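What follows is one structure encoded as structure tokens, with my remarks underneath.
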Amino acid sequence: MLVGRRRAVGKRLPPEDWGEKTGAAKDHLRERGGPGGRVCGRWIADSAGGLVAGEARRRGSWDGCAAVGKRIRPMDWRRGETRRGSLAEAGGEVRGRRVGGYNRSMKPTAKIWHNGRLINWDDAKIHVLSHVTSYGSSVFEGIRCYVTKKGPAIFRGREHMRRLQDSAKIYRMDLKYTVDELMAAMDELVRVNGMESCYFRPIVMRGYGDVGVLPGNNPIETYVACWEWGKYLGEDALARGVDVCVSSWTRIAPNTLPAMAKAGANYMNAQLIRMEAALNGYAEGIALDEAGYVSEGSGENIFVVRDGKIVTPPLGASVLPGITRDTVMELARTLGIPIVESLVPREMLYIADEVFFSGTAAEITPVRSVDRIEIGSGSRGPITEKLQKLFFDVVEGNVPERAGWLTPVSGARQPVQV
């Protein structure tokens, strides 16, 4: 059904009617005098999970439909509230249920590092029958390089590369490059590609050779790429927070796939979590572990704040030993905020004063609702804000160096002083 000219609520069609009733649905919307609602695959108009403020327009985006305005938070769906302004002021646009988007079109750099030498971006290719394409046999990292007053600096690169080595060892991949050599590869990429800040993707994979499960004759290929990457969960997520859900998918169980390895195969589970969340109108999903306790997001560790104390799930809850997770724990101790590793029951998410994610891509991102239940005041809490401020002061080099966390890029161009 279409309500007025400013809000398209729509009606969800059962799968068996997707093809048969789309024409009738369009006619129904036109008869109601709306702005020409549109059937988008299995959805009519903007029935993809909630109300969207703004005029429904046919813009050919997510699932074939889009709307200009700002998505309503899940806890506001039933109240029928429409909220406008901040997105328009930022020049953004809602496409389906995704606001704007990050890295929607990856901007290539000139060079990628491959097995000890630089190659052109477009030459970084593998054979379709490489072992990794059939069996997910890769391990990888995500690392950020930040702009500082002294030039580009890589944040905790050595710790990331050590974890890459650990992941390769778990999967019996012979990674022949040392931490120093991999650090030098990132240093070189920043200089050659003229980057001031960037995101690195080191990846180690089994290449073209035997096509069976047993990788008996498959070379180990090592790549390091870099590109510009914005805020993982959206530009306004750091201040406003994100709406998330508890996923119906359980995190990988112990002694199935090793959760302590950052492996490509593990992220098939993460994809299910993230896709389900997106299709239901959430920015991210939270997975529970095999025993039903909180584990982590699809690509982030999670922290819960209650009565001034921070709790985060232990490694035994099928979580990745995140480098940013470790950073948050160190920064909390610096600020004198009690922090412990402990099992977290699902319901603790709902009664928490604050919840936030951590990760190289997500950095420190507050959660404002879980399963449409508002967390705390429904916005970034004071402890999350304190940790964010100190985190960005550290990564941007605004406070004294902490235990070699920042590695300046040698010979890189210096930022322009204003």
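Just so it is clear, none of the values below were taken in a lab; they were calculated from the coordinates. Source: prediction; values computed, not measured. Using ideal geometry, Cβ is built from the backbone for each residue, glycine included, and neighbour counts are taken over all protein chains shown.
Sort His114, His131, His160 so the one with the fewest other Cβ atoms within 10 Å of its own Cβ comes first.
His114, His160, His131
Given Cα pairs under 8 Å that are at least 6 residues apart, what percent is the relative contact order of region 197-342?
17
Looking at the square roots a ≥ b ≥ c of the eigenvalues of the Cα gyration tensor of region 111-227, which shape do they give, rounded for a/c under 1.5, prolate if a/b is larger than b/c, or oblate?
Prolate is the answer for region 111-227, as a/c is 1.5 or above and a/b outweighs b/c.
Could you compute the net charge surrounding Ile170? Neighbours are other residues with a C-beta less than 11 Å from the C-beta of Ile170; K and R count +1, D and E count -1.
Taking every other residue near Ile170 into account, the sum is +3.
Residues with amide H under 5 Å of Trp229's amide H, sequence separation 5 or more or different chain, H placed in the peptide plane at 1.01 Å from N; which?
Tyr199
Based only on other Cβ atoms within 10 Å, what is the fewest-to-most ordering of Cys198, Cys245?
By the 10 Å Cβ count, ascending: Cys245, Cys198.
In a shell of Cβ-Cβ distance under 13 Å around Arg117, excluding Arg117 itself, what net charge do Lys and Arg (+1) and Asp and Glu (-1) give?
-3
Could you put Asp187, Asp166 in order, starting from the residue whose Cβ has the fewest other Cβ atoms within 10 Å?
Taking fewest neighbouring Cβ atoms as first place, the list is Asp166, Asp187.
How far apart, in nm, are two points set 7 Å out from the Cα along the Cα-to-Cβ line at Ser379 and at Ile119?
5.0
For the residue pair Glu276 and Arg172, what label-to-label distance in nm results when each label sits 7 Å from Cα along the Cα-to-beta-carbon direction?
According to this spin-label approximation, the distance is 3.2 nm.
Specify the inter-centroid distance of region 275-334 and region 134-151, based on alpha-carbon positions, in whole Å.
Using only Cα atoms to place each centre, the spacing works out to 20 Å.
Too long at a 23 Å Cα-Cα cut-off: which of Lys309/Lys386; Lys176/Lys262; Lys111/Lys149; Lys111/Lys176; Lys149/Lys389; Lys125/Lys176?
Lys111/Lys149, as the Cα separations exceed 23 Å there.
Using modelled amide H (1.01 Å from N, peptide plane; none on Pro or chain starts), what sits under 5 Å from the amide H of Ile126, excluding residues fewer than 5 places away?
Excluding prolines and chain starts, which carry no amide H, there are no hits.
Taking the Cβ-Cβ separation of Glu396 and Ala110 as r and a Förster radius of 25 Å, what is the calculated FRET efficiency to the nearest 0.05?
0.45
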